[in-house]
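Asks: Structure in structure tokens, see below.
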Amino acid sequence: MQGQDWIERAGELFEVAMFGGDTSALDRSDDVLDAVEAPLSIARGKVLHVRFLNDREENSQELVLFERAAKLYERLGDASGEADALFWVGCWHQVVKGDGATGKPYFERSYALAKSVDDRMTMSYAIRHLGFADKDAGYIEQARKRLTESVTLRREIGFRPGEAAGLVALAYLAAETGDPSAAFHHLDEAQSVAESCGAKVVLGWIEQARALIRS
């Protein structure tokens, strides 16, 4: 169903309950409305997250929206949706608040749920940010393993901009561990991928990474 179809269905169930006396329609209406609200909450939260990345001004409503979406998807029994929402809750803690330790359990739960339904897109996000958490905690080889898995998942599903972004992360990790040759290799590969899909933002990241690693 499209969003408007869900709203119309909720209206029909209201009339069944109000005028037909079937109060069980109220519970069915809750499910219908939850199915509308959950993706809307995630979409609004993502908009706020991108705004944060652009202006670095925190908006606590972002976390409220992602937590609400996670709760609704759990109620609906939608493992993929819940995994996505939990990832974003973790991302708020790690990226917005700079608290990777608090975000880590959300990423772990997100990854497990996504894997249970073969949602490789969400898996790729969750494992990527688990890799960042590992790097910050000093677990370099575990970080490399997880960042590599993220790139592999994205390559498998054809998520080319994400694949390029993942290669940039691997480049930084290589540079930080004293292997500039591997770092530039990852950046060359990332540039090829980013150019092939028109990922202009990632190309900017690559240029910045090259300059930082050379300096």
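The values are calculated or read from the model by the stated rules, or taken from the named source; none is laboratory data. For clarity, every value in this text was computed on a predicted model and none was experimentally measured. As a convention, Cβ positions derive from the backbone with ideal geometry for all residues, glycine included, and neighbour counts pool all protein chains shown. Note: areas computed on protein heavy atoms with side chains; ligands, DNA, RNA excluded. Shrake-Rupley method; radii C 1.70, N 1.55, O 1.52, S 1.80 Å.
Asks: Roughly how tilted is helix 120-137, in degrees to the nearest 10 and between 0 and 90, from the longest Cα axis of the chain?
Replies: The helix 120-137 is inclined about 50 degrees to the chain.
Asks: Using 0.36 nm times the number of residues separating Glu141 and Glu207, minus their current alpha carbon distance, what extension gain do you get?
Replies: Here the answer is 21.2 nm.
Asks: If you don't mind, another one. Taking a ≥ b ≥ c as the square roots of the Cα gyration tensor eigenvalues, with a/c under 1.5 meaning rounded and otherwise prolate when a/b beats b/c, else oblate, which class fits the stretch 60-136?
Replies: It comes out oblate by the Cα gyration axes.
Asks: Rounded to two decimals, what ratio of Rg to Rh does the stretch 98-166 give with C-alpha atoms and a Kirkwood Rh?
Replies: My calculation of the ratio gives 0.97.
Asks: Using 10 Å bins from zero, what percent of all Cα-Cα pairs in the stretch 66-215 falls into each bin?
Replies: Result, from short to long distances: 13, 37, 36, 12, 2, 0 percent.
Asks: Stretched out fully, how many nm does the piece from Lys71 to Asp179 gain, at 0.36 nm a residue minus the Cα gap?
Replies: Value of the extension gain: 34.6 nm.
Asks: Ignoring ligands, DNA and RNA, what accessible area per residue does the chain give at 1.4 Å, in Å²?
Replies: Result: 53 Å² of accessible area for each residue.
Asks: Once you list every other residue whose beta carbon is under 12 Å from the beta carbon of Ala209, what net charge do they have if Lys and Arg are +1 and Asp and Glu are -1?
Replies: With Lys, Arg at +1 and Asp, Glu at -1, the neighbours total -1.
Asks: On a 0 to 90° scale, report how tilted helix 24-55 is relative to the longest principal axis of the chain, with both axes built from alpha carbons and the result rounded to the nearest 10.
Replies: Rounded to the nearest ten degrees, it is 30.
Asks: Hey, could you pull the Cα Rg and Dmax for the stretch 118-207, both in Å?
Replies: Both quantities, over Cα of the stretch 118-207: 12.3, 35 Å.
Asks: OK, next. Longer than 19 Å from Cα to Cα, which of Lys46/Lys97; Lys115/Lys135; Lys115/Lys145; Lys115/Lys200 are they? Say none if no pair is.
Replies: Check vs 19 Å cut-off fails for Lys115/Lys135; Lys115/Lys200.
Asks: Let me check I've understood the local charge: for Gly138, count other residues with C-beta under 15 angstrom from its C-beta, Lys and Arg +1, Asp and Glu -1. What total comes out?
Replies: Net of charged neighbours comes to +1.
Asks: Take the solvent-accessible surface of the protein heavy atoms, probe 1.4 Å, and return the percent of it on the stretch 45-168 that carbon and sulfur atoms account for.
Replies: Using a 1.4 Å probe with all protein chains present, the stretch 45-168 comes out at 49 percent carbon and sulfur.
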